[in-house]
Amino acid sequence: MATKSEIWRVLTDPLVRQNPVTLQILGICSALAVTTTLATAVTMSISLTVVLTLAAGLISTIRRHIPETVRLIVQIVIVASLVIVIDQLLKAYFAEVSRALSVYVGLITTNCLVLGRTEAYARHHAPVPAMIDAFGNGLGYSLVLVLIGALRELFGKGELFGYEMLPLADAGGWFEPLSLMLLAPSAFFLLGFLVWAVRSWRPEQVEAPDYTPPGRAEAAE
Amino acid sequence: MTDLWRLFLHAAFVDNMPLILFLGLCTFLALSKRADAAFGLGVAMTGVLGITVPLNYLIYVTLLAPGAWGWAGLPELDLSYLSLIAFIGVIAAAVQVLEMILDRFFPNIHASFGVFLPLLTVQCAILAGSLFMVERSYTLAESAVFGLGSGVGFALAVGMLGAIRTRLAYADLPDGLRGLGIAFLLTGLMSLGFASFAQMAATL
């Protein structure tokens with residue numbers, strides 16, 4: 001059985017050091033598409049974390065019984081069933097948010113984060129560590145989503161969760177909303193700068209250069 | 001015919017999957033480091049989208065749509081909530097077939113895809129193609145054209161990004177920006193460019 005510190009490491013590693021979005025390049029699609037407002041970002045984070053944790057637990061429980069050749073289909077079917085449940089729940093209790101998320105809830109099925117973690121971790125580990133790993137990755141994903149969602153809603157509309165934070169110029173305040181923040185390109189820019197910031201803070205994540213100019217290589221030594 | 005051509009252009013440029021709709025970004029960013037791998041991914045995407053969208057259309061219309069079982073005396077039956085599982089099953093099967101074909105005939109492309117070929121099953125762009133097909137109630141011909149158009153748009157975008165990043169290997173970037181960071185910024189700039197195609201939609 002894993003020791004306590006090991007469990008803690010598995011849980012906290014994906015927050016910054018192994019963050020799924022900024023380092024592992026997993027689950028980016030939804031991270032950008034649903035972050036125009038904080039409310040959709042939070043709903044998406046919770047849905048994804050729940051699906052990811054349950055899927056990791058289930059798949060890890062039956063990992064010895066899945067034949068290698070059809071494992072992808074089995075994993076996908078399990079994930080898809082969980083997503084259908086979440087989708088129906090959202091439709092029943094949070095109809096408005098569900099409409100705002102449109103096809104992106106269904107796309108949790110194909111969020112590479114879910115399959116990436118089950119392939120890389122849950123398939124080789126016991127249910128409890130697998131679920132902890134999945135939960136940690138869900139949290140890391142949520143962290144990025146909430147951060148970007150908050151920035152985009154705050155500067156795009158001057159609101160957070162739909163409540164006014166910065167008084168708009170139209171309504172007698174001083175804040176001129178940046179409508180570019182609500183469009184596609186700004187999501188890419190924000191995430192790009194976030195990656196830059198994280199990697200400046202943690203230089204060990206910096207990718208090795210593909211090519212070093214000859215003069216520079218000598219200067220570096 | 002002109003309607004189909006317009007749909008093709010719309011799917012490829014105006015609603016470009018990675019740049020405007022944020023779909024399929026994981027493979028888009030991970031496989032665009034080299035132009036040839038990016039090109040291979042684009043071709044694979046076009047093939048898989050072109051096959052799975054019409055296939056899923058047939059499955060949806062004959063088995064899942066409300067009233068599809070009317071001929072069997074079950075006009076009330078509505079299985080559309082099963083469409084996620086059905087679509088993903090079709091896609092997974094198509095990807096496995098593609099993987100076997102690549103492994104057999106093009107082993108070097110197969111090797112360069114590595115872990116990302118199985119992840120093509122969970123390519124959001126491919127599933128989204130089928131989901132949009134249902135949401136916008138296309139016909140069979142339209143869904144085939146839509147699938148191909150989206151695939152071509154994806155191939156175009158990923159090919160361009162791959163080409164830019166190949167050149168960028170010689171650039172002297174700040175350490176933290178190297179790799180993923182600059183890829184995001186480039187994608188953002190390309191997305192700005194593709195946003196101008198929205199104007200094209202008005203004149204089509």
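The values are calculated or read from the model by the stated rules, or taken from the named source; none is laboratory data. Computed from a predicted structure; not experimentally measured. Here the Cβ is made from the backbone with ideal geometry for all residues, glycine too, and neighbour counts use every protein chain on show. Only protein heavy atoms, including side chains, enter the accessible area calculation; ligands, DNA and RNA are left aside. Shrake-Rupley method; radii C 1.70, N 1.55, O 1.52, S 1.80 Å.
Here's a check for you: in the stretch B:64-81, which residue that is closer than 22 Å to A:VAL79 by Cα and among the aliphatic types (A, V, I, L, M) is most open to solvent (accessible area, probe 1.4 Å)?
B:LEU79
Considering only the stretch A:61-119, how many residues are outside any helix (DSSP H, G or I) and under 18 Å from the mean Cα position of the chain (by Cα)?
Number satisfying all stated conditions: 4.
Of a type in the set (A, V, I, L, M) and crowded, with 21+ Cβ neighbours inside 10 Å, is that true of B:LEU84? Before you say what the answer is, go through the steps one by one.
On the way: of a type in the set (A, V, I, L, M): yes; crowded, with 21+ Cβ neighbours inside 10 Å: yes.
Here the answer is yes, as B:LEU84 does meet what is asked.
Would you check if there is a residue in the stretch A:131-139 being among the aromatic types (Phe, Trp, Tyr), open to solvent by 30 Å² or more (accessible area, probe 1.4 Å) and within 16 Å of the chain's Cα centre (by Cα)? Even if it seems obvious, please write down each step before you answer.
Taking the stretch A:131-139 as the starting set, the residues that turn out to be among the aromatic types (Phe, Trp, Tyr) are A:135.
In the following step, the residues that additionally are open to solvent by 30 Å² or more (accessible area, probe 1.4 Å) were identified as A:135.
Okay, now just the ones that are also within 16 Å of the chain's Cα centre (by Cα), so A:135.
Yes: the stretch A:131-139 contains one or more residues that are among the aromatic types (Phe, Trp, Tyr), open to solvent by 30 Å² or more (accessible area, probe 1.4 Å) and within 16 Å of the chain's Cα centre (by Cα).
Does at least one position in the stretch A:68-75 carry a residue that is under 27 Å from A:ALA197 (Cα atoms) and more than 9 Å from chain B (Cβ to nearest Cβ)? Step through it out loud before you land on a result.
So in the stretch A:68-75, the residues under 27 Å from A:ALA197 (Cα atoms) come out as none.
No; the residues of the stretch A:68-75 include none that is under 27 Å from A:ALA197 (Cα atoms) and more than 9 Å from chain B (Cβ to nearest Cβ).
May I ask you to list the residues in the stretch B:20-35 that are more than 7 Å from chain A (Cβ to nearest Cβ), out of contact with any Phe, Trp or Tyr (no Cβ under 8 Å at 6 or more places or on another chain) and open to solvent by less than 10 Å² (accessible area, probe 1.4 Å)?
B:SER32, the sole residue that qualifies.
Condition first: farther than 18 Å from A:PRO185 by Cα and at the interface with chain A (Cβ under 7 Å from one of its Cβ atoms). Now tell me which residues in the stretch B:169-185 satisfy that.
Narrowing the stretch B:169-185 to residues farther than 18 Å from A:PRO185 by Cα: B:169-176, B:178-179.
B:ALA169, B:TYR170, B:ASP175, B:GLY176, B:ARG178, B:GLY179 - these are the residues of the stretch B:169-185 that are farther than 18 Å from A:PRO185 by Cα and at the interface with chain A (Cβ under 7 Å from one of its Cβ atoms).
I need a count of the residues in the stretch A:97-126 that are farther than 16 Å from A:GLN24 by Cα and of a type in the set (Lys, Arg).
Within the stretch A:97-126, residues that are farther than 16 Å from A:GLN24 by Cα and of a type in the set (Lys, Arg) number 2.
In the stretch B:1-38, what count of residues is obtained for those that are under 20 Å from B:LEU161 (Cα atoms) and not in a helix (DSSP H, G or I)?
Counting residues in the stretch B:1-38 that are under 20 Å from B:LEU161 (Cα atoms) and not in a helix (DSSP H, G or I) gives 10.
Given the conditions (1) more than 10 Å from every other protein chain (Cβ to nearest Cβ); (2) outside any helix (DSSP H, G or I); (3) in contact (Cβ under 8 Å) with a residue 40 or more places away in the chain, report the number of the one that B:ASP78 does not fulfil.
Answer for B:ASP78: the failing condition is (3).
Out of A:PRO167, A:PRO209, A:PRO185, A:PRO177, report the one residue that is within 12 Å of another protein chain (Cβ to nearest Cβ) and at pLDDT below 75. Before the answer, list the steps.
Working: A:PRO167 fails: within 12 Å of another protein chain (Cβ to nearest Cβ); A:PRO185 fails: at pLDDT below 75; A:PRO177 fails: within 12 Å of another protein chain (Cβ to nearest Cβ).
Just one listed residue meets the conditions, A:PRO209.
Does A:LEU26 satisfy the condition of being touching a Pro at 6+ places or on another chain (Cβ under 7 Å), surrounded by 19 or more Cβ atoms within 10 Å (Cβ to Cβ) and facing another protein chain (nearest Cβ under 10 Å)?
Yes.
Of the residues in the stretch A:122-155, how many are under 19 Å from A:PRO185 (Cβ atoms) and among the aliphatic types (A, V, I, L, M)?
Pass one, the stretch A:122-155, residues under 19 Å from A:PRO185 (Cβ atoms): A:144-145, A:147-155.
After this cut, where a residue has to be among the aliphatic types (A, V, I, L, M) as well, the list is A:144-145, A:147-148, A:150-151, A:154.
Counting residues in the stretch A:122-155 that are under 19 Å from A:PRO185 (Cβ atoms) and among the aliphatic types (A, V, I, L, M) gives 7.
Need the failing condition index for B:ALA44 against (1) at pLDDT 85 or above; (2) out of contact with any Gly (no Cβ under 7 Å at 6 or more places or on another chain), just the number.
Just one mismatch for B:ALA44, condition (1).
If you check B:PHE8 against the conditions, is it open to solvent by 20 Å² or more (accessible area, probe 1.4 Å), modelled with pLDDT of 80 or more and within 18 Å of the chain's Cα centre (by Cα)? Please lay out each step first, then the result.
Numbers: open to solvent by 20 Å² or more (accessible area, probe 1.4 Å): yes; modelled with pLDDT of 80 or more: yes; within 18 Å of the chain's Cα centre (by Cα): yes.
So B:PHE8 fits the description; yes.
Across the stretch A:1-14, which residue is surrounded by the fewest Cβ atoms within 10 Å (Cβ to Cβ) among those that are at pLDDT 75 or above and hydrophobic (A, V, I, L, M, F, W, C)?
Looking at the filtered set, the residue picked out is A:TRP8.
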